[in-house]
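Computed from the coordinates by the stated procedures, all read-outs in this text should not be read as laboratory data. Everything numeric in this text was worked out from a predicted model, so none of it was measured. Cβ atoms come from the backbone with ideal geometry, glycine included; neighbour counts cover every protein chain shown.
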Amino acid sequence: MSEIDEDRAACAQAHNRLHQTLSAVDDQTVRAPSRLPGWTVGHVLTHLARNADSVVRRLDGAARGEQVDQYPGGARGRAAEIESGQGRSAKEIIDDLVAADAAVDAAFAAATPDVWQRTVRAGSGELIPATQLLFSRWREVEVHHVDLGLGYGWEQWPDGLVARWLPKLLAELSDRADGRALMAWTLGRAPMPELRPWG
């Protein structure tokens with residue numbers, strides 16, 4: 001199985017795990033705080049749906065030979081869509097997300113080898129290989145599934161996700177904290193230093 005096929009399968013599995021969690025979500029739940037400061041469960045679910053749309057939009061653009069922005073209106077447009085969508089009923093939010101996830105899975109399945117060789121825009125505007133959309137969506141779903149605070153924890157992250165992503169995150173630690181403090185922590189000589197914001 002190719003890496004593209006493996007990532008497609010992992011992303012579809014992540015969507016399925018998320019949908020199992022959603023079966024217990026009601027209107028009260030979507031109004032409850034998530035683990036992300038200032039965001040309710042409705043915010044997180046709406047963000048996941050709009051992120052799914054952004055994956056499909058960029059992959060469709062690549063198929064046409066076009067570069068399109070991740071979110072219409074950039075960061076402000078992203079924030080506005082999340083805010084306007086988070087107040088809907090649980091059914092509306094869940095139906096939206098499930099449909100958006102299905103569209104991602106279908107777009108991944110339909111993409112030809114030629115499309116995967118093209119580039120798309122990241123949120124920062126830089127060009128990245130279209131294949132990065134696969135892993136990007138997978139990790140987005142896994143991280144925000146935990147952020148919902150609805151019983152799915154980081155302890156349940158798939159081994160493949162950890163094996164692939166953790167080395168990159170560890171390599172970036174030196175950009176997020178004092179190097180000496182990090183070294184002292186890894187040697188058991190100091191507490192974990194405060195990290196600057198990720199990304």
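Structure values in brief
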{"quantity": "Rg/Rg_globular for the stretch 1-104, with Rg_globular taken as 2.2 N^0.38 Å and Rg from C-alpha atoms", "calculated": "1.14"}
{"quantity": "The stretch 22-165, dipole about Cα centre (Lys/Arg Cβ +1, Asp/Glu Cβ -1), debye to the nearest 20", "calculated": "340"}
{"quantity": "Simple Cβ-charge dipole of the stretch 65-122, Lys/Arg +1 and Asp/Glu -1, about Cα centre, in debye nearest 20", "calculated": "180"}
{"quantity": "The stretch 27-41 - phi-based ³J(HN,Hα) in whole Hz, Karplus 6.51/-1.76/1.60, Gly and Pro as x", "calculated": "4, 5, 5, 5, 8, 6, x, 8, 7, 8, x, x, 10, 7, 4"}
{"quantity": "Size of electric dipole in the stretch 83-151: Cβ of Lys, Arg +1 and of Asp, Glu -1, about Cα centre, debye, nearest 20", "calculated": "160"}
{"quantity": "Surface/4 of the Cα convex hull for the stretch 53-139, nm²", "calculated": "5.7"}
{"quantity": "Taking the stretch 92-191 and dividing mean pair separation by its residue count, relative contact order in percent (alpha carbons under 8 Å, at least six apart)", "calculated": "10"}
{"quantity": "Cut-off under 5 Å, modelled amide H: who pairs with T40 long-range", "calculated": "S34"}
{"quantity": "The chain - percent relative contact order, Cα under 8 Å, separation 6 or more", "calculated": "24"}
{"quantity": "Long-range tail of P(r) for the chain (Cα pairs > 26 Å, %)", "calculated": "39"}
{"quantity": "Long-range HN-HN contacts of A130 with modeled amide H, under 5 Å", "calculated": "R118, T119, V120"}
